[in-house]
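Here the structure comes first, spelled out in structure tokens, and everything after it is commentary.
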Amino acid sequence: MRIETMFRSLRIPSLVGIVAALLLSIGSAWAADEGPGYATLSPPVPTATGDQVEVVEVFSYTCPHCWHLEPMMASWVGTKPEGVVFRRQPGTGGRWDPQARAYYAAESLGKLDVFHPALFKAMQVDRRPILKEDDLVKFAGEIGIDEKEFRAAYNSFTVETKLRKATDLSTRYGIDGVPAVIVNGKYRTSPAQTNGPEPMFAVLNTLVAQEIAAKAPAAPAAAVPAAAPAAAAQPK
């Protein structure tokens with residue numbers, strides 16, 4: 001975040017002025033690094049999509065910016081180029097863990113298409129505090145998912161494994177806020193980095209096109225015409 005504090009008073013102790021100047025210079029350097037609207041991940045994070053380009057959205061149900069991005073991301077997914085795989089990854093850590101577990105529990109039960117939009121709406125539109133395991137289990141029951149099955153999945157080894165993997169990936173992606181979008185394990189962009197969602201999709205499309213082109217097989221070299229055979233000597 002760029003620090004843009006203005007000091008109107010001319011009677012500022014010199015130490016405060018020095019500290020302020022340092023903070024301003026640090027903020028400017030950070031912004032300059034993020035100037036293109038994306039950050040390059042170093043080292044790149046391996047993907048599991050083979051020859052396809054992977055796009056990952058890291059989100060949280062408690063994040064209003066993620067909710068506002070949801071329809072735009074759904075529209076992008078509906079028109080994404082061939083050779084691109086999209087997946088969501090819930091944010092993890094602290095207060096995000098219960099909803100992340102619930103996401104993976106619903107996924108493991110084949111109910112994610114129902115659970116995901118319903119929980120987002122309940123939290124962002126209806127302002128319901130569905131924050132803990134019991135809240136999430138009860139909510140699952142409200143939308144037609146068996147509560148016992150959901151709780152069992154929520155506490156399963158499978159979900160625990162997915163949660164740990166998501167936590168590891170978030171660390172390697174350098175996630176410090178949501179929403180964030182990771183392109184092929186190499187780049188991270190977000191509305192915050194591009195000053196809005198529309199510019200973010202322009203950056204996303206550019207990076208995706210770049211990665212598709214990089215995966216395309218090289219065109220074969222043009223064949224060199226064979227030399228014409230020498231004419232046979234005519235008998236005298």
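The values are calculated or read from the model by the stated rules, or taken from the named source; none is laboratory data. Bear in mind that the values here come from a model prediction, so they are computed numbers and not experimental data. Here the Cβ is made from the backbone with ideal geometry for all residues, glycine too, and neighbour counts use every protein chain on show. Side chains are part of the model used for accessible areas, which takes the heavy atoms of the whole protein and leaves out ligands, DNA and RNA. Shrake-Rupley method; radii C 1.70, N 1.55, O 1.52, S 1.80 Å.
The set of residues in region 43-66 that are at pLDDT below 95 and either exposed (fewer than 10 other Cβ atoms within 10 Å of the Cβ) or in contact with a His (Cβ under 8 Å, 6 or more places away or on another chain) (or both) comprises 48, 50, 51. Return yes or no: is residue 154 over 16 Å from the mean Cα position of the chain (by Cα), surrounded by 14 or more Cβ atoms within 10 Å (Cβ to Cβ) and not aliphatic (A, V, I, L, M)? Spelling it out, residue 154 is indeed over 16 Å from the mean Cα position of the chain (by Cα), surrounded by 14 or more Cβ atoms within 10 Å (Cβ to Cβ) and not aliphatic (A, V, I, L, M). A count restricted to region 64-92 and to residues that are closer than 18 Å to residue 169 by Cβ and either out of contact with any helix residue (DSSP H, G or I) (no Cβ under 6 Å at 6 or more places or on another chain) or part of a strand (DSSP E or B) (or both) stands at 8. Of the residues making up region 95-111, those that are farther than 17 Å from residue 129 by Cβ and out of contact with any strand residue (DSSP E or B) (no Cβ under 9 Å at 6 or more places or on another chain) are 105, 106, 107, 108, 109, 110, 111.
Remark: pairs (first residue in region 75-87, surrounded by 14 or more Cβ atoms within 10 Å (Cβ to Cβ); second residue of a type in the set (Ser, Thr, Tyr); Cβ separation under 8 Å; 6+ apart in sequence or on different chains) = 85/49. Criterion applied to 37, 93, 110 was being open to solvent by 60 Å² or more (accessible area, probe 1.4 Å) and not hydroxyl-bearing (Ser, Thr, Tyr), and the one residue passing it is 110.
Consider region 113-130. How many of its residues are exposed (fewer than 15 other Cβ atoms within 10 Å of the Cβ) and within 20 Å of the chain's Cα centre (by Cα)?
Residues meeting the conditions: 2.
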